[in-house]
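Structure first, then comments.
The values are calculated or read from the model by the stated rules, or taken from the named source; none is laboratory data. Please read these numbers as outputs of a predicted model, since none were measured by experiment. No Cβ is skipped: glycine too gets one built from the backbone with ideal geometry, and neighbour counts run over all protein chains shown.
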Amino acid sequence: MLNHSKKIVLLQIAYYVHLYYKNYLQKGNLEMKKLLVLSLFFVISIGLSYSQENKDSSQYDSGMDQIIVPTQIITSPTDGDTLNTLVNAEGQEASIIYNNGVAWCNEGNYDDAINAFGKALEMNPNIIQAYYGRGTCYIQQKKYNEAINDLKQYIQRKEDNYASYLIGYCYFHISDIPNATYYFQDAIEKGCNKADLFYHLGVINFNKANYDEAINYYTKAIEIDDTHAFSYNDRGSSYRMQEKYDKAISDYKKAIQLNPNMDIFRSNLGSVYRINKDYENALEIYNEILKKYPDNYIVLNNKGATLYEMREYDQAIEALNECLKQKRDYAFAYNNLGLCYYRQKDYTLAIEAFTKAIAINPQYGEAYVSRGTAKEMTRDSDGACSDWEMAKSLGINLDNYVSYCNE
């Protein structure tokens, strides 16, 4: 396939040949014809040598630790065939401008590509591929609403299952889940069989706690592409939520094997080891990550949670304080810090830490439970009962606590 420079040079040459022939060669005298032919030969030679030169230089989640379920970043969701085909209409200016847009889009020059596609549509509204091209450029710029508008214009004129997927992709990224689901399903009904499509449906169902459905979609993505590391990772997280730890560990390990540089996969594996009380393996993984990224606050929090469960409270406090240096508004870490102080019977510091967690997240039910318990240890029964009542209102089952308060 022609590279960007060669496409542009050859397309422009074709256009200029057309103009020269139309405006001069049909009208001029013999000497003028000879001069123009020589000039064109010189321009073509320069154009081809320039093209060749370029070619050669060529995240108990509310409590102890946090499982990360990343949404995959798709860097180039444009693998439909539209942008790989130049419009074959020699001498038509709108087509040449569209083709320049294709080349610029493929090169990553999205602003120029968007301008070219827009100009091509102004000149010839029938070049519907320009809607697709401009839409994909808008996706790369995270201008999802603009992309949706263009891609809808495109599918009104041409049935394209991948374009339907891209519209769903855009709705997903602006958190319009009903519309995202609609267009993902529409893409499937039209025959789209992309791993990323089923992966995103898996994420949607995971976020709704529909873990069986999420697993089914992740598995479908893996069947299509057995190197889809994010699907292994997120299926592992679904198994983890179902307490199927052996399956979770297996999937996390596979994700790490496929993409060793994604430390969130390692962090998730460490968290399952901790939940499964395999603390040594959990710490080994966390320390391995922290050697590379000592300021990773999620891993520092998870390491603190592991040390807490090992009853190494001083070390846990150290890790959690380091976590809070990196992220001062991290409610999980304040709650965990409070638990460590509570175990050391320093109820004043425990209450202080739980209070900070609640200030950051007023809906943090477990932190109200913990602060209430610490207050009870300081004989502040009224304060304890108030916190427990609040936790119950947030959905925490505290019938035994509340009945105690009503005695």
Whether any residue in the range 172-182 is at pLDDT 95 or above, part of a helix (DSSP H, G or I) and in contact with a Gly (Cβ under 7 Å, 6 or more places away or on another chain) is what I want to check.
yes
Confirm whether ASN106 is touching a His at 6+ places or on another chain (Cβ under 9 Å) and either more than 21 Å from CYS192 (Cα to Cα) or assigned to a helix (DSSP H, G or I) (or both).
yes
Matching option when the condition is crowded, with 24+ Cβ neighbours inside 10 Å, within 30 Å of SER381 (Cα to Cα) and not charged (D, E, K, R), among ALA331, ALA353, ALA359, ALA319
ALA353
Checking the conditions here, which among ASN301, ASN335, ASN361 is closer than 30 Å to ARG266 by Cα, touching a Leu at 6+ places or on another chain (Cβ under 9 Å) and of a type outside the set (A, V, I, L, M, F, W, C)?
ASN301
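Okay, residues lined up against (1) of a type in the set (Phe, Trp, Tyr); (2) out of contact with any helix residue (DSSP H, G or I) (no Cβ under 6 Å at 6 or more places or on another chain); (3) surrounded by fewer than 20 Cβ atoms within 10 Å (Cβ to Cβ):
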{"site": "ALA103", "(1), (2), (3)": "no, no, no"}
{"site": "PHE117", "(1), (2), (3)": "yes, no, no"}
{"site": "LEU121", "(1), (2), (3)": "no, no, no"}
{"site": "ILE127", "(1), (2), (3)": "no, no, no"}
{"site": "LYS142", "(1), (2), (3)": "no, yes, yes"}
{"site": "TYR154", "(1), (2), (3)": "yes, no, no"}
{"site": "TYR182", "(1), (2), (3)": "yes, yes, yes"}
{"site": "GLU189", "(1), (2), (3)": "no, yes, yes"}
Answer with yes or no whether TYR245 is buried (at least 24 other Cβ atoms within 10 Å of the Cβ) and of a type outside the set (A, V, I, L, M, F, W, C).
no
Got at least one residue in the range 223-234 being surrounded by fewer than 22 Cβ atoms within 10 Å (Cβ to Cβ) and of a type in the set (Gly, Ala, Ser)?
yes
